[in-house]
Amino acid sequence: MIEHTSIKSLLKGEVKAPQNVVVKGWVRTIRNSKNVNFIALNDGSTILNIQLVIAAGTDAFVICEQISTGACIRAEGLLVDSQGKNQSVEIQCNNIEVYGHSDPEKYPLQKKGHTLEFLREIAHLRPRTNTFGAIFRIRHNMAFAIHQFFHQKGFFYMHSPIITGSDAEGAGEMFKVTTLSLENPPRTNDGSINYMEDFFGKATNLTVSGQLEAELGALALGNVYTFGPTFRAENSNTPRHLAEFWMIEPEMAFYDINDNMDLAEEMLKYLINFALENCKDDLEFLNQMYDKELIERLKSVTAKTFKRLTYTDAVEILEKNNKEFEFKVSWGTDLQKEHENYLVTHFGGPVILTNYPKQIKAFYMKQNEDGKTVRAMDVLFPWIGEIIGGSQREDNYDKLYARITEMGVDEDELWWYLDTRKFGSCPHSGFGLGFERLMLFVTGMTNIRDVIPFPRTPKNAEF
Ligand code: 4AD
Ligand code: MG
(Lines give C-alpha, C1' and ligand atoms only; values in the text may rest on other atoms or scores of the structure.)
(Ligands and ions follow the chains in the order given, each with its own letter.)
Protein backbone atom coordinates (compact mmCIF):
# COMPACT_ATOMS: atom_id res chain seq x y z
CA MET A 1 0.00 0.00 0.00
CA ILE A 2 1.14 3.55 -0.72
CA GLU A 3 2.37 4.91 2.58
CA HIS A 4 2.91 8.54 1.66
CA THR A 5 0.54 11.48 1.32
CA SER A 6 0.74 14.01 -1.49
CA ILE A 7 2.04 17.42 -0.52
CA LYS A 8 -0.95 18.97 -2.22
CA SER A 9 -3.42 17.24 0.08
CA LEU A 10 -1.36 18.09 3.17
CA LEU A 11 -1.26 21.78 2.25
CA LYS A 12 -4.96 21.77 1.43
CA GLY A 13 -5.69 20.57 4.95
CA GLU A 14 -7.03 17.20 3.91
CA VAL A 15 -5.04 15.59 6.73
CA LYS A 16 -5.64 16.93 10.24
CA ALA A 17 -2.63 18.16 12.21
CA PRO A 18 -1.06 16.97 14.46
CA GLN A 19 -0.58 13.58 12.89
CA ASN A 20 2.30 11.40 11.72
CA VAL A 21 2.80 11.53 7.95
CA VAL A 22 5.19 10.33 5.25
CA VAL A 23 6.07 12.45 2.21
CA LYS A 24 8.26 11.64 -0.77
CA GLY A 25 9.72 14.10 -3.20
CA TRP A 26 12.63 16.18 -4.46
CA VAL A 27 14.56 18.70 -2.41
CA ARG A 28 14.17 22.23 -3.73
CA THR A 29 16.31 23.91 -1.10
CA ILE A 30 18.04 22.94 2.14
CA ARG A 31 19.14 25.43 4.79
CA ASN A 32 21.45 24.13 7.48
CA SER A 33 22.17 25.73 10.81
CA LYS A 34 23.53 24.53 14.13
CA ASN A 35 20.23 23.69 15.81
CA VAL A 36 17.83 23.13 12.98
CA ASN A 37 17.70 22.36 9.24
CA PHE A 38 14.94 23.34 6.85
CA ILE A 39 14.14 21.47 3.67
CA ALA A 40 11.65 22.72 1.08
CA LEU A 41 10.28 19.55 -0.49
CA ASN A 42 8.28 19.29 -3.71
CA ASP A 43 6.58 16.18 -5.08
CA GLY A 44 5.03 17.65 -8.22
CA SER A 45 1.45 17.40 -6.96
CA THR A 46 1.41 21.19 -6.52
CA ILE A 47 3.68 24.14 -7.16
CA LEU A 48 3.89 24.65 -3.40
CA ASN A 49 6.61 23.03 -1.28
CA ILE A 50 6.17 21.61 2.17
CA GLN A 51 8.65 22.65 4.82
CA LEU A 52 10.48 19.95 6.73
CA VAL A 53 11.90 21.07 10.05
CA ILE A 54 14.73 18.85 11.26
CA ALA A 55 15.99 19.43 14.80
CA ALA A 56 19.58 18.79 15.90
CA GLY A 57 20.01 15.54 17.73
CA THR A 58 17.75 13.48 15.46
CA ASP A 59 18.96 10.84 13.00
CA ALA A 60 17.41 12.92 10.25
CA PHE A 61 19.66 15.85 11.18
CA VAL A 62 22.75 13.73 10.55
CA ILE A 63 21.43 12.47 7.23
CA CYS A 64 20.90 16.07 6.10
CA GLU A 65 24.66 16.30 5.57
CA GLN A 66 24.29 14.08 2.52
CA ILE A 67 21.34 16.00 1.11
CA SER A 68 21.49 18.80 -1.44
CA THR A 69 19.16 20.42 -3.98
CA GLY A 70 17.71 17.87 -6.39
CA ALA A 71 18.01 14.84 -4.10
CA CYS A 72 15.03 12.52 -3.80
CA ILE A 73 13.99 11.62 -0.26
CA ARG A 74 11.40 9.96 1.93
CA ALA A 75 10.61 11.97 5.04
CA GLU A 76 8.57 10.98 8.04
CA GLY A 77 7.41 13.11 10.93
CA LEU A 78 4.68 15.00 12.71
CA LEU A 79 2.47 17.26 10.63
CA VAL A 80 1.90 20.43 12.65
CA ASP A 81 0.40 23.85 12.13
CA SER A 82 3.18 26.07 10.90
CA GLN A 83 4.77 28.86 12.92
CA GLY A 84 5.87 30.69 9.77
CA LYS A 85 3.37 32.72 7.79
CA ASN A 86 4.33 31.29 4.39
CA GLN A 87 2.77 27.89 4.89
CA SER A 88 -0.24 26.41 6.65
CA VAL A 89 1.45 23.26 7.88
CA GLU A 90 4.96 21.86 8.16
CA ILE A 91 6.51 18.57 9.17
CA GLN A 92 8.69 18.10 12.27
CA CYS A 93 10.77 15.50 10.63
CA ASN A 94 12.55 12.80 12.59
CA ASN A 95 13.28 10.26 9.89
CA ILE A 96 14.74 10.73 6.42
CA GLU A 97 15.75 8.15 3.84
CA VAL A 98 17.63 9.24 0.74
CA TYR A 99 16.41 7.51 -2.41
CA GLY A 100 18.71 9.35 -4.80
CA HIS A 101 21.57 11.72 -4.09
CA SER A 102 22.24 14.72 -6.28
CA ASP A 103 25.77 15.96 -6.83
CA PRO A 104 25.70 19.66 -5.87
CA GLU A 105 28.66 20.35 -8.17
CA LYS A 106 26.89 18.94 -11.20
CA TYR A 107 23.12 19.34 -10.76
CA PRO A 108 22.11 21.84 -13.47
CA LEU A 109 19.15 23.25 -11.54
CA GLN A 110 21.21 24.28 -8.54
CA LYS A 111 20.49 27.98 -8.80
CA LYS A 112 17.20 29.70 -9.46
CA GLY A 113 16.50 31.95 -12.40
CA HIS A 114 17.65 29.93 -15.39
CA THR A 115 16.54 31.20 -18.78
CA LEU A 116 13.84 29.34 -20.69
CA GLU A 117 16.38 28.83 -23.50
CA PHE A 118 18.78 27.09 -21.13
CA LEU A 119 16.00 24.95 -19.69
CA ARG A 120 15.10 23.74 -23.20
CA GLU A 121 18.58 22.21 -23.38
CA ILE A 122 17.86 20.21 -20.24
CA ALA A 123 14.30 19.20 -21.09
CA HIS A 124 14.86 15.97 -19.12
CA LEU A 125 15.13 17.98 -15.90
CA ARG A 126 13.05 21.06 -16.57
CA PRO A 127 9.82 19.46 -15.27
CA ARG A 128 11.41 19.86 -11.83
CA THR A 129 11.31 23.63 -12.03
CA ASN A 130 8.37 25.65 -10.76
CA THR A 131 7.71 26.99 -14.24
CA PHE A 132 7.51 23.66 -16.04
CA GLY A 133 5.75 21.93 -13.19
CA ALA A 134 3.08 24.61 -13.52
CA ILE A 135 2.91 24.34 -17.31
CA PHE A 136 2.64 20.56 -17.37
CA ARG A 137 -0.01 20.48 -14.66
CA ILE A 138 -2.01 23.02 -16.66
CA ARG A 139 -1.45 20.93 -19.80
CA HIS A 140 -2.94 17.92 -18.07
CA ASN A 141 -5.90 19.95 -16.88
CA MET A 142 -6.57 21.26 -20.39
CA ALA A 143 -6.46 17.76 -21.88
CA PHE A 144 -8.83 16.53 -19.20
CA ALA A 145 -11.17 19.50 -19.70
CA ILE A 146 -11.33 18.82 -23.44
CA HIS A 147 -12.53 15.29 -22.87
CA GLN A 148 -14.96 16.47 -20.22
CA PHE A 149 -16.37 19.20 -22.47
CA PHE A 150 -17.07 16.84 -25.33
CA HIS A 151 -18.24 13.98 -23.16
CA GLN A 152 -20.80 16.21 -21.46
CA LYS A 153 -22.07 17.26 -24.88
CA GLY A 154 -22.49 13.66 -26.02
CA PHE A 155 -19.53 13.63 -28.43
CA PHE A 156 -17.59 10.42 -28.94
CA TYR A 157 -13.80 10.33 -28.82
CA MET A 158 -12.57 8.71 -31.98
CA HIS A 159 -9.00 7.59 -32.60
CA SER A 160 -7.82 8.56 -36.04
CA PRO A 161 -4.77 6.78 -37.44
CA ILE A 162 -1.29 8.22 -37.10
CA ILE A 163 0.04 6.49 -40.20
CA THR A 164 -1.95 7.37 -43.31
CA GLY A 165 -1.71 7.26 -47.07
CA SER A 166 -3.43 10.59 -47.63
CA ASP A 167 -2.53 14.24 -47.26
CA ALA A 168 -5.52 15.64 -45.36
CA GLU A 169 -4.53 19.28 -45.81
CA GLY A 170 -3.22 18.85 -49.35
CA ALA A 171 -0.18 20.86 -48.38
CA GLY A 172 2.42 18.15 -48.96
CA GLU A 173 4.31 18.81 -45.74
CA MET A 174 4.53 15.22 -44.59
CA PHE A 175 7.01 12.93 -42.90
CA LYS A 176 7.36 9.68 -44.82
CA VAL A 177 6.89 6.38 -43.02
CA THR A 178 8.80 3.55 -44.62
CA THR A 179 10.79 0.41 -43.90
CA LEU A 180 12.49 0.51 -47.30
CA SER A 181 16.24 0.92 -47.42
CA LEU A 182 17.20 4.56 -47.91
CA GLU A 183 20.51 3.61 -49.56
CA ASN A 184 19.10 1.11 -51.96
CA PRO A 185 15.32 1.25 -52.33
CA PRO A 186 13.55 -1.11 -54.74
CA ARG A 187 12.70 0.59 -58.01
CA THR A 188 10.09 0.19 -60.69
CA ASN A 189 10.95 -0.02 -64.40
CA ASP A 190 10.76 3.75 -64.79
CA GLY A 191 13.24 4.24 -61.94
CA SER A 192 10.87 5.55 -59.30
CA ILE A 193 10.75 3.99 -55.84
CA ASN A 194 8.57 0.91 -55.73
CA TYR A 195 6.34 1.43 -52.70
CA MET A 196 4.52 -1.81 -53.52
CA GLU A 197 7.44 -3.44 -51.72
CA ASP A 198 7.13 -1.15 -48.71
CA PHE A 199 5.63 -2.28 -45.39
CA PHE A 200 2.07 -1.23 -46.25
CA GLY A 201 2.38 -1.94 -49.96
CA LYS A 202 1.99 1.78 -50.65
CA ALA A 203 3.55 5.11 -49.76
CA THR A 204 2.57 6.26 -46.28
CA ASN A 205 3.23 9.22 -44.03
CA LEU A 206 2.56 10.57 -40.54
CA THR A 207 -0.81 12.25 -40.42
CA VAL A 208 -1.10 16.04 -40.65
CA SER A 209 -4.69 15.92 -39.36
CA GLY A 210 -7.29 13.43 -38.17
CA GLN A 211 -10.10 15.33 -39.86
CA LEU A 212 -10.86 13.12 -42.83
CA GLU A 213 -11.30 10.07 -40.60
CA ALA A 214 -13.26 12.15 -38.07
CA GLU A 215 -15.67 13.01 -40.88
CA LEU A 216 -16.27 9.30 -41.46
CA GLY A 217 -17.11 9.02 -37.77
CA ALA A 218 -19.44 12.02 -37.78
CA LEU A 219 -21.38 10.53 -40.68
CA ALA A 220 -22.21 7.56 -38.48
CA LEU A 221 -22.04 8.60 -34.82
CA GLY A 222 -23.22 12.18 -35.24
CA ASN A 223 -20.76 14.15 -33.13
CA VAL A 224 -17.19 12.96 -32.66
CA TYR A 225 -13.78 14.41 -31.89
CA THR A 226 -10.21 13.31 -32.28
CA PHE A 227 -7.37 14.36 -29.99
CA GLY A 228 -4.00 13.13 -31.05
CA PRO A 229 -0.55 13.99 -32.30
CA THR A 230 -0.18 15.44 -35.79
CA PHE A 231 2.98 16.00 -37.78
CA ARG A 232 4.05 18.68 -40.22
CA ALA A 233 7.34 18.80 -42.01
CA GLU A 234 7.07 22.52 -42.70
CA ASN A 235 10.41 24.15 -42.17
CA SER A 236 9.06 27.03 -40.12
CA ASN A 237 11.22 27.81 -37.15
CA THR A 238 8.82 30.15 -35.40
CA PRO A 239 7.66 30.49 -31.78
CA ARG A 240 4.25 29.12 -32.88
CA HIS A 241 5.10 26.07 -34.98
CA LEU A 242 6.05 22.55 -34.00
CA ALA A 243 6.79 19.62 -36.29
CA GLU A 244 4.88 17.40 -33.85
CA PHE A 245 1.87 18.97 -32.16
CA TRP A 246 -1.43 17.82 -30.72
CA MET A 247 -4.72 18.71 -32.30
CA ILE A 248 -8.32 18.49 -31.15
CA GLU A 249 -10.66 17.99 -34.08
CA PRO A 250 -14.41 17.83 -33.48
CA GLU A 251 -16.59 16.92 -36.43
CA MET A 252 -20.37 17.33 -36.31
CA ALA A 253 -23.13 16.04 -38.56
CA PHE A 254 -25.87 18.59 -39.31
CA TYR A 255 -23.80 21.57 -38.13
CA ASP A 256 -23.46 24.51 -40.49
CA ILE A 257 -20.68 27.08 -40.31
CA ASN A 258 -22.55 29.15 -37.70
CA ASP A 259 -23.10 26.15 -35.43
CA ASN A 260 -19.41 25.41 -35.92
CA MET A 261 -18.41 28.90 -34.76
CA ASP A 262 -20.74 28.67 -31.76
CA LEU A 263 -19.15 25.41 -30.69
CA ALA A 264 -15.60 26.74 -31.12
CA GLU A 265 -16.37 29.81 -29.03
CA GLU A 266 -18.13 27.82 -26.33
CA MET A 267 -15.29 25.30 -26.15
CA LEU A 268 -12.51 27.90 -25.87
CA LYS A 269 -14.37 29.74 -23.12
CA TYR A 270 -15.04 26.49 -21.28
CA LEU A 271 -11.36 25.53 -21.38
CA ILE A 272 -10.13 28.91 -20.22
CA ASN A 273 -12.67 28.98 -17.39
CA PHE A 274 -11.60 25.47 -16.43
CA ALA A 275 -8.01 26.66 -16.12
CA LEU A 276 -9.02 29.70 -14.07
CA GLU A 277 -10.97 27.51 -11.67
CA ASN A 278 -8.69 24.49 -11.44
CA CYS A 279 -5.15 25.80 -11.97
CA LYS A 280 -5.16 28.80 -9.65
CA ASP A 281 -1.80 28.31 -7.93
CA ASP A 282 0.01 27.58 -11.18
CA LEU A 283 -1.59 30.49 -13.05
CA GLU A 284 -0.81 32.86 -10.20
CA PHE A 285 2.81 31.78 -10.34
CA LEU A 286 3.04 32.31 -14.11
CA ASN A 287 1.20 35.61 -13.78
CA GLN A 288 3.72 36.79 -11.22
CA MET A 289 6.85 35.49 -12.92
CA TYR A 290 6.23 36.01 -16.61
CA ASP A 291 3.17 37.95 -17.53
CA LYS A 292 1.43 40.33 -15.15
CA GLU A 293 -1.65 40.52 -17.38
CA LEU A 294 -2.14 36.79 -17.87
CA ILE A 295 -5.06 36.17 -15.54
CA GLU A 296 -6.80 39.39 -16.54
CA ARG A 297 -6.43 38.45 -20.21
CA LEU A 298 -7.89 35.00 -19.61
CA LYS A 299 -10.85 36.48 -17.76
CA SER A 300 -11.47 39.11 -20.38
CA VAL A 301 -11.61 36.55 -23.20
CA THR A 302 -14.20 34.44 -21.40
CA ALA A 303 -16.38 37.53 -20.90
CA LYS A 304 -16.26 38.71 -24.52
CA THR A 305 -18.42 37.75 -27.48
CA PHE A 306 -15.99 36.86 -30.25
CA LYS A 307 -16.21 39.29 -33.17
CA ARG A 308 -17.32 37.52 -36.36
CA LEU A 309 -16.68 38.94 -39.80
CA THR A 310 -15.91 37.80 -43.31
CA TYR A 311 -12.45 37.65 -44.81
CA THR A 312 -13.59 40.25 -47.35
CA ASP A 313 -14.59 42.72 -44.62
CA ALA A 314 -11.36 42.03 -42.77
CA VAL A 315 -9.30 42.73 -45.88
CA GLU A 316 -11.06 46.06 -46.27
CA ILE A 317 -9.98 47.02 -42.75
CA LEU A 318 -6.45 45.76 -43.30
CA GLU A 319 -5.97 47.50 -46.65
CA LYS A 320 -6.45 50.85 -44.94
CA ASN A 321 -3.40 50.05 -42.86
CA ASN A 322 -1.24 48.55 -45.60
CA LYS A 323 1.59 51.04 -45.26
CA GLU A 324 2.39 49.67 -41.81
CA PHE A 325 2.50 46.03 -42.88
CA GLU A 326 5.54 44.18 -44.07
CA PHE A 327 3.28 42.01 -46.25
CA LYS A 328 0.72 44.14 -48.10
CA VAL A 329 -2.84 42.85 -48.10
CA SER A 330 -5.26 42.65 -50.99
CA TRP A 331 -8.21 40.36 -51.62
CA GLY A 332 -6.88 36.84 -52.13
CA THR A 333 -3.72 37.06 -50.02
CA ASP A 334 -3.23 34.70 -47.13
CA LEU A 335 -3.18 36.59 -43.84
CA GLN A 336 0.08 36.76 -41.89
CA LYS A 337 0.69 37.04 -38.18
CA GLU A 338 0.92 40.84 -38.38
CA HIS A 339 -2.53 41.06 -39.99
CA GLU A 340 -4.12 38.69 -37.50
CA ASN A 341 -2.62 40.72 -34.65
CA TYR A 342 -3.94 43.91 -36.15
CA LEU A 343 -7.48 42.55 -36.36
CA VAL A 344 -7.44 41.22 -32.82
CA THR A 345 -6.20 44.57 -31.50
CA HIS A 346 -8.65 46.46 -33.71
CA PHE A 347 -11.60 44.55 -32.24
CA GLY A 348 -10.13 44.28 -28.74
CA GLY A 349 -10.49 40.50 -28.44
CA PRO A 350 -10.88 37.21 -30.30
CA VAL A 351 -12.03 37.39 -33.92
CA ILE A 352 -13.57 34.70 -36.12
CA LEU A 353 -13.01 35.19 -39.83
CA THR A 354 -15.19 33.38 -42.36
CA ASN A 355 -15.64 32.90 -46.09
CA TYR A 356 -12.03 32.88 -47.23
CA PRO A 357 -11.01 32.82 -50.90
CA LYS A 358 -11.06 29.21 -52.01
CA GLN A 359 -7.53 29.32 -53.45
CA ILE A 360 -5.94 29.76 -50.01
CA LYS A 361 -7.93 26.99 -48.30
CA ALA A 362 -8.06 23.18 -48.40
CA PHE A 363 -10.02 21.14 -50.95
CA TYR A 364 -12.66 19.86 -48.52
CA MET A 365 -14.25 23.19 -47.58
CA LYS A 366 -17.83 23.92 -48.64
CA GLN A 367 -17.94 26.18 -51.66
CA ASN A 368 -20.13 29.26 -51.50
CA GLU A 369 -22.54 30.25 -54.28
CA ASP A 370 -20.29 33.14 -55.33
CA GLY A 371 -17.84 30.62 -56.79
CA LYS A 372 -14.96 32.49 -55.14
CA THR A 373 -15.12 31.79 -51.42
CA VAL A 374 -15.45 28.78 -49.13
CA ARG A 375 -17.18 28.38 -45.79
CA ALA A 376 -13.96 28.42 -43.79
CA MET A 377 -13.51 29.84 -40.31
CA ASP A 378 -10.34 30.78 -38.47
CA VAL A 379 -10.42 31.84 -34.84
CA LEU A 380 -7.80 34.48 -34.11
CA PHE A 381 -6.65 35.07 -30.55
CA PRO A 382 -4.76 37.84 -28.83
CA TRP A 383 -1.02 37.07 -28.76
CA ILE A 384 -1.46 33.82 -30.67
CA GLY A 385 -3.03 34.61 -34.01
CA GLU A 386 -4.73 31.54 -35.48
CA ILE A 387 -5.71 29.17 -32.68
CA ILE A 388 -8.44 27.29 -34.59
CA GLY A 389 -8.95 26.52 -38.26
CA GLY A 390 -12.11 24.86 -39.53
CA SER A 391 -14.98 24.89 -42.00
CA GLN A 392 -18.26 23.52 -43.12
CA ARG A 393 -17.38 20.58 -45.38
CA GLU A 394 -18.26 20.15 -49.03
CA ASP A 395 -20.98 17.52 -48.88
CA ASN A 396 -21.86 17.55 -52.58
CA TYR A 397 -20.05 14.78 -54.48
CA ASP A 398 -19.73 16.59 -57.80
CA LYS A 399 -18.44 19.80 -56.28
CA LEU A 400 -15.98 17.97 -54.06
CA TYR A 401 -14.75 15.85 -56.95
CA ALA A 402 -14.31 18.90 -59.15
CA ARG A 403 -12.28 20.66 -56.45
CA ILE A 404 -10.08 17.62 -55.86
CA THR A 405 -9.26 17.37 -59.55
CA GLU A 406 -8.77 21.12 -59.88
CA MET A 407 -6.29 21.17 -56.99
CA GLY A 408 -4.42 18.10 -58.17
CA VAL A 409 -5.21 16.09 -55.05
CA ASP A 410 -4.62 12.35 -55.51
CA GLU A 411 -8.15 10.98 -55.84
CA ASP A 412 -6.96 7.38 -55.62
CA GLU A 413 -5.90 8.04 -52.04
CA LEU A 414 -9.28 9.55 -51.18
CA TRP A 415 -11.81 7.16 -52.75
CA TRP A 416 -13.20 6.31 -49.32
CA TYR A 417 -13.64 9.98 -48.46
CA LEU A 418 -15.46 10.61 -51.73
CA ASP A 419 -17.60 7.53 -51.10
CA THR A 420 -19.25 9.19 -48.07
CA ARG A 421 -20.62 11.84 -50.42
CA LYS A 422 -22.27 9.10 -52.45
CA PHE A 423 -23.95 7.28 -49.57
CA GLY A 424 -26.04 9.35 -47.15
CA SER A 425 -24.05 12.55 -47.35
CA CYS A 426 -25.17 15.39 -45.09
CA PRO A 427 -24.25 18.93 -44.15
CA HIS A 428 -21.47 18.77 -41.58
CA SER A 429 -18.72 20.88 -40.09
CA GLY A 430 -15.67 20.71 -37.89
CA PHE A 431 -12.51 22.44 -36.80
CA GLY A 432 -9.05 21.88 -35.43
CA LEU A 433 -7.71 23.44 -32.25
CA GLY A 434 -3.94 23.41 -31.93
CA PHE A 435 -3.42 22.15 -28.39
CA GLU A 436 -0.08 23.92 -27.94
CA ARG A 437 -1.51 27.19 -29.28
CA LEU A 438 -4.19 26.89 -26.59
CA MET A 439 -1.44 26.19 -24.06
CA LEU A 440 0.47 29.30 -25.18
CA PHE A 441 -2.60 31.38 -24.55
CA VAL A 442 -3.48 29.84 -21.21
CA THR A 443 0.04 29.93 -19.76
CA GLY A 444 1.16 33.23 -21.28
CA MET A 445 4.36 31.57 -22.51
CA THR A 446 5.69 33.11 -25.71
CA ASN A 447 7.49 30.14 -27.27
CA ILE A 448 5.62 26.98 -28.25
CA ARG A 449 8.71 24.93 -27.30
CA ASP A 450 7.92 25.71 -23.67
CA VAL A 451 4.40 24.28 -23.52
CA ILE A 452 5.10 20.72 -24.74
CA PRO A 453 7.37 18.41 -22.74
CA PHE A 454 9.67 17.42 -25.58
CA PRO A 455 9.41 19.79 -28.56
CA ARG A 456 10.10 18.62 -32.09
CA THR A 457 11.29 21.41 -34.36
CA PRO A 458 13.64 21.60 -37.36
CA LYS A 459 17.03 20.15 -36.35
CA ASN A 460 15.79 19.29 -32.89
CA ALA A 461 14.59 15.90 -31.70
CA GLU A 462 16.67 15.49 -28.53
CA PHE A 463 15.15 13.61 -25.58
O1 4AD B 1 -5.56 25.18 -39.79
P2 4AD B 1 -5.10 23.76 -39.76
O3 4AD B 1 -4.02 23.37 -40.68
O4 4AD B 1 -6.41 22.91 -39.98
C5 4AD B 1 -6.49 21.54 -40.08
O6 4AD B 1 -5.58 20.78 -39.98
C7 4AD B 1 -7.89 21.05 -40.25
N8 4AD B 1 -7.83 19.67 -40.72
C9 4AD B 1 -8.64 21.18 -38.95
C10 4AD B 1 -10.07 20.70 -39.05
O11 4AD B 1 -10.87 21.40 -39.66
N12 4AD B 1 -10.39 19.57 -38.47
O13 4AD B 1 -4.63 23.41 -38.28
C14 4AD B 1 -5.53 23.55 -37.20
C15 4AD B 1 -4.83 24.24 -36.03
C16 4AD B 1 -4.32 25.64 -36.32
O17 4AD B 1 -5.35 26.59 -36.21
C18 4AD B 1 -3.25 25.79 -35.27
O19 4AD B 1 -3.83 26.11 -34.01
C20 4AD B 1 -2.69 24.39 -35.16
O21 4AD B 1 -3.67 23.50 -35.65
N22 4AD B 1 -1.46 24.21 -35.93
C23 4AD B 1 -0.23 24.12 -35.39
N24 4AD B 1 0.18 24.16 -34.11
C25 4AD B 1 1.49 24.03 -33.88
N26 4AD B 1 2.41 23.82 -34.85
C27 4AD B 1 2.06 23.76 -36.15
N28 4AD B 1 2.97 23.54 -37.08
C29 4AD B 1 0.67 23.91 -36.46
N30 4AD B 1 -0.04 23.89 -37.62
C31 4AD B 1 -1.32 24.07 -37.26
MG1 MG C 1 -5.19 26.97 -40.69
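The values are calculated or read from the model by the stated rules, or taken from the named source; none is laboratory data. Model, not experiment: these values are computed from the prediction. Heads up, the Cβs are rebuilt from the backbone with ideal geometry, glycines too, and the neighbour counts pull from every protein chain shown. Accessible surface areas use protein heavy atoms only, side chains included; no ligands, DNA or RNA. Shrake-Rupley method; radii C 1.70, N 1.55, O 1.52, S 1.80 Å.
Out of everything in region 238-247 that is within 14 Å of ligand 2 (Cβ to nearest atom) and in a strand (DSSP E or B), what residue ends up being surrounded by the most Cβ atoms within 10 Å (Cβ to Cβ)? So the residue we want is Met247. Given the condition within 16 Å of ligand 1 (Cβ to nearest atom), more than 30 Å from Leu116 (Cβ to Cβ) and either open to solvent by less than 50 Å² (accessible area, probe 1.4 Å) or hydrophobic (A, V, I, L, M, F, W, C) (or both), answer yes or no: does some residue in region 382-391 qualify? Yes, region 382-391 contains a residue that is within 16 Å of ligand 1 (Cβ to nearest atom), more than 30 Å from Leu116 (Cβ to Cβ) and either open to solvent by less than 50 Å² (accessible area, probe 1.4 Å) or hydrophobic (A, V, I, L, M, F, W, C) (or both).
Residue pairs whose Cβ atoms lie under 6 Å apart, separated by 6 or more positions or on different chains, with the first residue in region 41-56 and without any contact (Cβ under 8 Å) to a residue 60 or more places away in the chain and the second surrounded by fewer than 18 Cβ atoms within 10 Å (Cβ to Cβ) and not in a strand (DSSP E or B), are Ser45/Lys8; Gln51/Gln87; Ala56/Asn35.
I'd like to know if region 156-163 contains one or more residues that are under 24 Å from Glu436 (Cα atoms), surrounded by fewer than 16 Cβ atoms within 10 Å (Cβ to Cβ) and free of Cβ contacts under 8 Å to residues at least 24 places away in the same chain. No: region 156-163 contains no residue that is under 24 Å from Glu436 (Cα atoms), surrounded by fewer than 16 Cβ atoms within 10 Å (Cβ to Cβ) and free of Cβ contacts under 8 Å to residues at least 24 places away in the same chain.
Residues that are more than 16 Å from ligand 2 (Cβ to nearest atom), open to solvent by 20 Å² or more (accessible area, probe 1.4 Å) and in a loop (DSSP other than H, G, I, E, B) occur at least once in region 202-216.
In region 354-365, what residues are within 12 Å of ligand 1 (Cβ to nearest atom) and either among the hydrophobic types (A, V, I, L, M, F, W, C) or in contact with a helix residue (DSSP H, G or I) (Cβ under 9 Å, 6 or more places away or on another chain) (or both)? Passing the criteria: Tyr356, Ile360, Ala362, Phe363, Tyr364, Met365.
Suppose the filter is at pLDDT 95 or above and out of contact with any helix residue (DSSP H, G or I) (no Cβ under 6 Å at 6 or more places or on another chain); does His346 pass it? The answer is yes for His346. Among the residues of region 305-313, are any open to solvent by less than 80 Å² (accessible area, probe 1.4 Å), among the basic types (Lys, Arg) and under 26 Å from Lys358 (Cα atoms)? Checked against the condition, which is being open to solvent by less than 80 Å² (accessible area, probe 1.4 Å), among the basic types (Lys, Arg) and under 26 Å from Lys358 (Cα atoms), region 305-313 yields no hits at all. If I ask for residues that are β-branched (Val, Ile, Thr) and within 27 Å of Phe245 (Cβ to Cβ), which ones from region 150-192 would you list? Result: Ile162, Ile163, Thr164, Val177, Thr178, Thr179. As for region 168-185, it holds no residue that is open to solvent by less than 50 Å² (accessible area, probe 1.4 Å), in contact with a strand residue (DSSP E or B) (Cβ under 6 Å, 6 or more places away or on another chain) and under 25 Å from Ile360 (Cβ atoms).
This table checks each residue for (1) open to solvent by 30 Å² or more (accessible area, probe 1.4 Å); (2) at pLDDT below 95; (3) of a type in the set (Lys, Arg).
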position	(1), (2), (3)
Leu400	no, no, no
Asp412	yes, yes, no
Leu418	no, no, no
Phe423	yes, no, no
Cys426	no, no, no
Gly432	no, no, no
Met439	no, no, no
Thr443	no, no, no
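Cβ-Cβ distances below 6 Å connect the following pairs, each with a first residue in region 213-234 that is farther than 15 Å from Arg421 by Cβ, a second residue that is part of a helix (DSSP H, G or I), and a separation of six or more residues or different chains: Val224/Ala214; Val224/Gly217; Val224/Ala218; Tyr225/Phe150; Thr226/Ala214. All of (1) modelled with pLDDT of 95 or more; (2) at negative phi; (3) open to solvent by 10 Å² or more (accessible area, probe 1.4 Å) hold for Gly44 with one exception: (2). Counting only strands (runs of 3 or more DSSP E) that sit wholly inside region 1-60, those with at least 2 residues that are among the charged types (D, E, K, R) are 19-32.
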